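Here is the structure we will look at, set down as structure tokens.
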Amino acid sequence: MNWPGYIKPEEDEIFTSWFYRLCKEHRIKSHTFSKFFFDGLPIWNRDIDQYCPEIIKRKISEHTPLSKDRIENLFLSSFDGIVFNDVISTKSLLSIGINHRKRRKFGLLYCIGCLEKEVKFFKKSWRLTSSLVCLECSLKLLDSCPHCNSPIAFHRLENGIKGKIPENDLNSCYKCLRDITKTDKIYADDDSIKYQKYINNTIDFGFNDLTQYSFTFFSVLHELEHKLYSRSKKWNKFRIEVEKYRSISMLNKNLNRIKSREESLLITYELLESWPQKFINFLSGRKLTYSDFSKDFRDIPPFWFSNVLKFNI
Ligand SMILES: [Zn+2]
Ligand SMILES: [Zn+2]
């Protein structure tokens with residue numbers, strides 16, 4: 001039997017966003033919803049979009065007209081084999097820093113333009129490290145409330161008075177309750193749009209001009225990006241060379257904030273663009289070793305990348 005207040009998930013909607021809207025539609029709190037329909041499993045003290053117990057997926061299947069594929073598609077695991085190949089250790093997903101029901105990190109992004117629309121919902125791609133721009137609205141994504149700088153944690157909108165049902169729409173900040181879309185829109189520049197188009201195409205196709213396996217592209221993109229923030233005395237050579245090459249400083253930059261990643265992702269993308277010529281040009285004359293790159297890779301670096309390194313350093 002379908003849930004009485006069933007509403008369909010929107011395209012690319014992430015599970016927790018749909019779940020919040022479902023609870024609101026049923027006029028019950030998520031805790032009560034879970035007690036009735038999910039065997040009382042706790043929802044918010046884990047990253048359920050990343051790791052969802054099978055029983056919840058089964059219950060959704062029993063009580064909605066959604067197909068199994070459509071249900072799988074609500075979760076970040078649907079990026080498996082495309083954006084990453086190991087959900088546990090991937091740098092491709094942003095961490096929301098779960099501490100019981102609290103969120104310590106700025107790992108959920110949003111687009112002002114999208115949250116201004118009639119049906120307000122959060123997208124799966126707003127948990128991807130590689131996301132900087134909403135191509136639909138040509139706007140830069142944000143990672144916190146523009147009024148009080150709190151991380152986005154809409155599930156906490158139902159906190160407060162006992163028994164009170166969730167009433168706020170998903171464009172409200174849980175902390176100050178103000179509308180997170182009521183701030184100046186920042187339009188993306190041409191470089192960011194070009195970057196995001198490349199990223200989105202890579203995800204849509206599952207491959208790009210560098211590799212047949214898109215997850216290896218994301219692995220290299222994020223490993224290199226991480227090196228730009230390295231504070232290691234021994235393994236900071238790549239960062240120092242890029243700082244010289246681009247006349248920038250990565251000091252005081254924070255990988256956990258989208259403002260910093262906007263810079264580091266675009267720099268990394270530029271090095272990988274027109275592969276491998278730009279990267280070879282960058283390597284030439286610089287004293288970088290194979291280990292300066294391979295050091296933090298979980299497995300060995302992919303062949304298309306290591307091969308260029310081997311012959312050019
Ligand atoms: Zn948008
Ligand atoms: Zn706020």
- Task: For residue 259, go through the aspartates and glutamates and keep the ones whose alpha-carbon is under 12 Å away, minus same-chain ones fewer than eight residues off.
- Result: 143
- When the Kirkwood hydrodynamic radius is evaluated over all pairs of different C-alpha atoms of segment 235-313, what value in angstrom, to one decimal, is obtained? 13.6 Å
- Would you please give the FRET efficiency between residue 41 and residue 256, computed as 1/(1 + (r/R0)^6) with r the Cβ-Cβ distance and R0 = 25 Å, to the nearest 0.05? 0.30
- Query: Once Lys and Arg get +1 and Asp and Glu get -1 on their Cβ, which of 307, 157, 20 lies farthest toward the positive end of the dipole of the chain?
  - Reply: 157
- Using alpha carbons only, how many degrees (0 to 90, rounded to 10) separate the axis of helix 15-26 from the longest principal axis of the chain? 10 degrees
- Message: Whole-Hz ³J(HN,Hα) for each residue in segment 283-290, computed from phi via Karplus 6.51 cos²θ - 1.76 cosθ + 1.60 with θ = phi - 60°, x for glycine and proline: what do you get?
- Response: 5, 5, x, 9, 8, 9, 10, 4
- Query: Could you put 119, 242, 308 in order, starting from the residue whose Cβ has the fewest other Cβ atoms within 10 Å?
  - Reply: 119, 308, 242
- Item | Rg/Rg_globular for the chain, with Rg_globular taken as 2.2 N^0.38 Å and Rg from C-alpha atoms | 1.07
- Spin-label point model (7 Å from Cα, Cβ direction): what's the residue 280 to residue 99 distance in nm? 5.0 nm
- Considering only DSSP beta bridges with both partners in the chain, what is the antiparallel share in %, to the nearest 5? 90 percent
- Task: Search the structure for amide H atoms under 5 Å from the amide H of residue 172, placed 1.01 Å from N in the peptide plane, and list their residues when 5 or more places away or on another chain.
- Result: 180
- Task: Return 158, 167, 10 ranked ascending by Cβ neighbour count within 10 Å, so the fewest neighbours appear first.
- Result: 167, 10, 158
- Query: Taking the chain as a Gaussian network, Cα atoms linked when under 10 Å apart, which of 199, 248, 82 shows the biggest mean-square fluctuation?
  - Reply: 248
- Query: Gain in length, residue 313 to residue 31, computed as 0.36 nm per residue apart minus the alpha-carbon separation, to one decimal in nm?
  - Reply: 95.9 nm
- Considering only 293, 15, 121, give the residue with the highest GNM mean-square fluctuation for the chain, with springs between Cα atoms whenever their separation is below 10 Å. 293
- Query: So between residue 70 and residue 234, what do we pick up on full extension, going 0.36 nm a residue minus the alpha carbon distance?
  - Reply: 54.4 nm
- Ratio to report: Rg/Rh of segment 63-133, with Cα atoms as the point set and Rh obtained by the Kirkwood method; give two decimals. 1.00
- Kindly state, to the nearest 0.05, the FRET efficiency for residue 303 paired with residue 245, given R0 = 35 Å and r defined as their beta-carbon distance. 0.90
- Query: Sorting 79, 38 on the 10 Å Cβ count, fewest up front, what's the list?
  - Reply: 38, 79
- Item | Acute angle (nearest 10 degrees) that the helix 190-205 long axis makes with the longest principal axis of the chain, alpha-carbon atoms | 70 degrees
- Query: If you average 1/r over every pair of different alpha-carbon atoms in segment 15-158 and take one over that average, what Kirkwood value in Å do you get?
  - Reply: 16.1 Å
- Note on the structure: GNM on the chain, Cα springs under 10 Å; top mean-square fluctuation among 125, 77, 284 goes to 284
- Query: Considering the dipole of segment 194-312 built from charges on the beta carbon (Lys and Arg +1, Asp and Glu -1) around the Cα centre, which of 274, 230, 219 is farthest to its positive end?
  - Reply: 230
- Between helix 237-246 and the chain: long-axis angle, C-alpha atoms, 0 to 90°, nearest 10: 90 degrees
- How big is the charge dipole of the chain about its Cα centre, in debye rounded to the nearest 20, if each Lys and Arg gets +1 on its Cβ and each Asp and Glu gets -1 on its Cβ? 1380 debye
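Only the coordinates and a few stated rules stand behind these numbers; no lab work does. Bear in mind the structure is a predicted one, so any value in this text is a computation, not a measurement. Note that each Cβ is placed from the backbone with ideal geometry, even for glycine, and that neighbours are counted across all protein chains shown.
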